[in-house]
Amino acid sequence: METDNGKGLILAVASSIFIGSSFILKKKGLKRAGANGTRAGYGGYTYLLEPLWWAGMVTMIVGEAANFVAYIYAPAVLVTPLGALSIIISAVLAHFLLKEKIKKMGVLGCVSCIVGSVVIVIHAPQEQTPNSVEEIWILATQPAFLTYVAVTMSIVLALILHFEPLCGQTNILVYIGICSLMGALTVMSIKAIGIAIKLTIEGVSQIGYPQTWLFFMVAVTCVVTQLIYLNKALDTFNAAIVSPVYYVMFTTLTIVASAIMFKDWSGQDAASVASEICGFITVLTGTMILHGTKEEEQQQQASSELIFGSAERVRWYESRKSTNEEHLISLYSPEY
């Protein structure tokens, strides 16, 4: 068992390194693509022709694959908190490669998000692993989880159809919210697929069950949606802000979805519930700090642009004024 946990630990750390690096590679690719065509934040897809973006995409796939295998060898309570390493890696690389500086309050926000997420994951209830895809299908079609899916899809549609045109370019929660909500459904589908693969390798084939392929189609749909809106988020906002906010929301929603689907919350003691509430408060505080830092940067940028523009107008006016004065002097000079 310790050997399996060791394998899971190595895979989880490797996954964080790959995923954290992928944010930066894709960000640089999006910048290059935006310079040559329509930016992804405005609906463009020229990044599909950018090799650097594909390098980031491959890196992310490798990281997600390593994370997927890590869950086979180690429990979620060991693997999930290590995902916070991708935030640190992404922030450090963004600092040196993208010149996206993080202020002290931004660092505090990142730390708060990481601490809160770790507290939530550590005190999250243990899930009961089903023994077949059919058992997972029964859990997925229970009224509570169907209600969760309906609410999730309603929020996603509202974000896409109403809030994205309205404030998608100014509010990071629009794009990240879509990614996180769809990401929670992706994890539920990926778990089902992982169990099917594991049982098939062990000799109990799950390929013939239609539920296996249904989970696969749901996973593909959710992953494609995540990628589209994650690219928009990265192209529009600072990568050092996108990474921690996405991690916090994704982790929180995944824990909630897993708890509803697998009924993990039953039987928890008061101490664990209190710890999870504290974790949520810490996450919320960190997210607010990150938003405050981002808004302050935008205000400073807007102010500098306003001052620069005003200075240009003053110089133009003074230049125009001096020209007019020279013209008047030449007209009323005694020499004429």
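Is it fair to say Val204 is outside any helix (DSSP H, G or I) and in contact with a Ser or Thr (Cβ under 8 Å, 6 or more places away or on another chain)? Answer is yes for this residue.
Under 22 Å from Ile17 (Cα atoms) and over 17 Å from the mean Cα position of the chain (by Cα) - does that describe any residue in the stretch 133-146? No, the stretch 133-146 contains no residue that is under 22 Å from Ile17 (Cα atoms) and over 17 Å from the mean Cα position of the chain (by Cα). Note on the stretch 161-205: residues that are over 18 Å from Gln226 (Cβ atoms) and either of a type in the set (A, V, I, L, M, F, W, C) or crowded, with 22+ Cβ neighbours inside 10 Å (or both) amount to 8.
Scanning the stretch 221-275 for residues that are open to solvent by less than 30 Å² (accessible area, probe 1.4 Å), of a type in the set (Phe, Trp, Tyr) and not in a helix (DSSP H, G or I) yields a total of 1. Cβ-Cβ distances below 9 Å connect the following pairs, each with a first residue in the stretch 261-286 that is within 30 Å of Leu108 (Cβ to Cβ), a second residue that is open to solvent by 80 Å² or more (accessible area, probe 1.4 Å) and modelled with pLDDT under 75, and a separation of six or more residues or different chains: Val273/Trp265.
Only residues that are in a loop (DSSP other than H, G, I, E, B) and either buried (at least 20 other Cβ atoms within 10 Å of the Cβ) or among the hydrophobic types (A, V, I, L, M, F, W, C) (or both): list them for the stretch 83-99, please. Within the stretch 83-99, Leu98 is the sole residue that qualifies.
The values are calculated or read from the model by the stated rules, or taken from the named source; none is laboratory data. Not measured: the values here are computed from a predicted model. Note: ideal-geometry Cβ built from the backbone for every residue, glycine included; neighbour counts use all protein chains shown. Ligands, DNA and RNA are excluded from the accessible area calculation, which covers all protein heavy atoms including side chains. Shrake-Rupley method; radii C 1.70, N 1.55, O 1.52, S 1.80 Å.
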